[in-house]
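Read through the structure below, which is laid out as structure tokens, and then see the notes.
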Amino acid sequence: MARLLFRLGTASARHRKLVFVVWGLAFAVLGLTAVRGTEFSDDAFVLPGSESSRALDRTDRYFPGTDDDGTLQLVLTARDGSPITSAANRARVAQTLAAAGTLGRAGDPFDRERPYVSPDRTTAVSTVELTDPTEAAYHRVLAVAAQARAAGLGAEVGGSIVDPAEESSPAEAVGVILAFLILLVTYGSLVAAGANMLGSLIGVAVGSLGVLAFSAIRPIGDTTPTLAVMIGLAVGIDYCLFILARFRTELRDGRTVEQAIGYAVRTAGAAVVFAGTTVIIALAGLAVVRIEFLTEMGMAAAFAVVVAVLMALTLLPALMRSMGRRALPRRERRTGVTPHRGTFLKRWINLVVRRPVAVLVVAVTALLALATPVLSLHTSLTTPGGDDPASTRRAAYDRIAAAFGAGHQGPLIVLVEGRNAERSVPAVTRLLTGLAGVTAVAPAGVTAAGDAALVQVVPARDAVDRATRELVHDIRDHAGDVAGVRLSVTGSTAIDIDTTQALNRALVTYLFVIVGLSLLLLIVMFRALVVPLMATLGFLLSLGTAVGVTVAVFQWGWAAAVFAAPSGNPLMSMLPVLLVAILFGLAMDYQVFLVSRIHEARRPGRSPADAVLDGFGRAAPVVVAAALIMTAVFAGFALSPTPIVASIGLALAAGVLADAFVVRMLITPALLVLLGDRAWWIPRTLDRILPHLDPEGAAPDAEPAAAAAPSGPAGSGQP
């Protein structure tokens, strides 16, 4: 592979104009396809194969036209504490309903046949069915609620027409700006920093446009492109950094520009290929959990990583050929003297080598403390009442829950199927009423043929409560208790419960797959058993830290003022699974770039401590810059007002910081020093059957014959 990468890098540099044209055409074609055909799915997070989803499909066939899109709730109360049923309040309610009636059908909560007034007579609810369910109509309903407040009523609007996933914030660009500043400081060259950022931006643009273009074939979830952009941008910047840093090193060693490009792609490019492949496998591996929307998100992000790797191996060499020795700071180009750097990192690793036990204890204790909030992790597919605790939607939800009961707004729909369905409804009602956790049971419809009926069950607790989940299972356990019919549970609450449980099961399965893959890859790479075990346990510490910090911020509400997204809610059910996939890939990146250098330094027979000092000194500066860049990119997304985007961004930022700076730069070198040669032990039988990999293209037989030595002075080859 090393020879192939060398040739690819030099060919891209020699034919840079052709490379620019190819990437430009890819951008144009995918962009035009995306503009003409982008389509998002309305049910992105639905689990098609679940029992509740199948029951919902059958319900739609029996009872078509039951979609409640465009329906809002006006929740009205009396501010002075008087009954909402008093004459004065009735008049105010009638005035409010008349205003809402201009936008559609506003139900009368005082209707004798279908009243919607709380038992304590404090709250009345009008169901508003909008004629034109648009964002403008929603805001007009908000205006009606404001008029009701001015008239002396308490008024909140339940439900929403606006999709919160469509919100965006310029704060996400902060991460890109910070990443560029880190590149500028790292390189000391505006040209090099600009080329790095330009290449990564082109790569993420092509990758994200490819994902959007795919939506012309099959609709995708609206979060899918965001995840692809987030991962593609972060790895793109880092992969460019690894290759550009090696390019600059080769220039300093006296190679010509073209030779430096070839050697940079051969060495650092090989590491990029291995690291990128690891990330791609981890993301594409989400398909093993067999959850459609997770597979979609994983494949989209994996495609973005594929594009990032191709960009680093082809477009970046063309950019490096264009800038030549301007990749070096002006002072180095003029004097040829490399500034001395890395004093802080030298002190860092010297401390680790001198005090490995103390460093190990402090580092592990700190990560375990940060991971402690995982014990209170609470996940849900949706948040009852919406994500924003300060919204009128949440206020309406809370008001109805207080007046009518916590489970009133998350009813379960029981589908009764069978030839005797209509006649069996009374028996089904008695059965369901006798179950624990049921507040009310009411018939909700029957087909003309009498072969299917709907029964609405109001649970005592809200949709995310464990008691409601147990009630769903209880109903299913009694699905055949009424002779001649079969019961199925569906509705949004049941669908959310089934999807969350499927995701939790998928997390366990996927974690075992990833841990096994981690051990296998690292055993093959380092030809050792203890080092891979250390790396895998370190990954689990990083994962625990990422989830723990996210729970503390977005579930507990710590530092809520810093973030735009609302807090105090359960975390999105898919978050832990996505974190396992993404953090695994990134953790293996840092393991490869850092530990492989230590492994290489150990080969001449150095002591474990000397190998750690030498390998760390060579790899740590680039790893630090890469980790800071990834953290900056993810932190920018953590400032998003959309909860799922913000929680993924924060978790990845915390995970990268923990993995790069604590696990890989403190715990791992400390263990390598303590264990010595035992860290690299492998049984002889296993050593004989394992393939030999060269992830950094450093093997002597990988030397390209055409460029085995520099030819010409340091300045030759400049374009």
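Some notes on this structure:
- Extension gain for LEU533 to ARG355 (0.36 nm times residue separation, less C-alpha to C-alpha distance): 61.9 nm.
- Qualifying trypsin sites (Lys or Arg not before Pro) in the stretch 81-166, where qualification requires a DSSP coil assignment and no more than 12 other C-beta atoms within 10 Å, comprise ARG112.
- Sorting 278-284, 24-30 by average packing, meaning the other beta carbons within 10 Å per residue, from highest down gives 278-284, 24-30.
- The phi-based Karplus calculation (6.51 cos²θ - 1.76 cosθ + 1.60; θ = phi - 60°) puts the 3J(HN,Hα) values of the stretch 81-90 at x, 6, x, 5, 8, 5, 4, 5, 6, 4 Hz, whole numbers, x for Gly and Pro.
- Computed about its Cα centre, the charge dipole of the chain is approximately 3240 debye, with only Lys, Arg, Asp and Glu carrying charge at their Cβ.
- With neighbour counts taken as other beta-carbon atoms within 10 Å, the residues VAL35, VAL455 rank, fewest first, as VAL35, VAL455.
- Sorted by Cβ density within 10 Å, fewest first, the residues ARG246, ARG486: ARG486, ARG246
- Karplus-derived HN-Hα couplings along the stretch 141-156 (A = 6.51, B = -1.76, C = 1.60, θ = phi - 60°), whole Hz, x at Gly and Pro: 5, 4, 5, 4, 5, 5, 5, 5, 5, 5, 7, x, 9, x, 9, 9
- Length gained when the stretch ALA173-ARG486 is fully extended (0.36 nm per residue, less Cα-Cα span): 107.3 nm
- Angle in degrees between helix 224-252 and the longest Cα principal axis of the chain, rounded to the nearest 10: 10
- Of all DSSP bridge pairs formed entirely within the chain, close to 90 percent run antiparallel.
- 3J(HN,Hα) couplings calculated from phi for the stretch 346-359 with the Karplus curve 6.51 cos²θ - 1.76 cosθ + 1.60 (θ = phi - 60°) are, in sequence order, 5, 4, 4, 6, 5, 5, 5, 5, 6, 10, x, 5, 4, 4 Hz; Gly and Pro show x.
- Candidate values (1) 57, 28, 24; (2) 50, 35, 21; (3) 44, 37, 30, label of the one derived for semi-axes √(5λ) of the Cα gyration tensor in Å: (1)
- Relative contact order, whole percent, for the chain stands at 20, derived from Cα pairs under 8 Å and 6 or more residues apart.
Coordinate-derived values only; no laboratory data. Fair warning: this is a prediction, and the values are worked out from it, not measured in the lab. Using ideal geometry, Cβ is built from the backbone for each residue, glycine included, and neighbour counts are taken over all protein chains shown.
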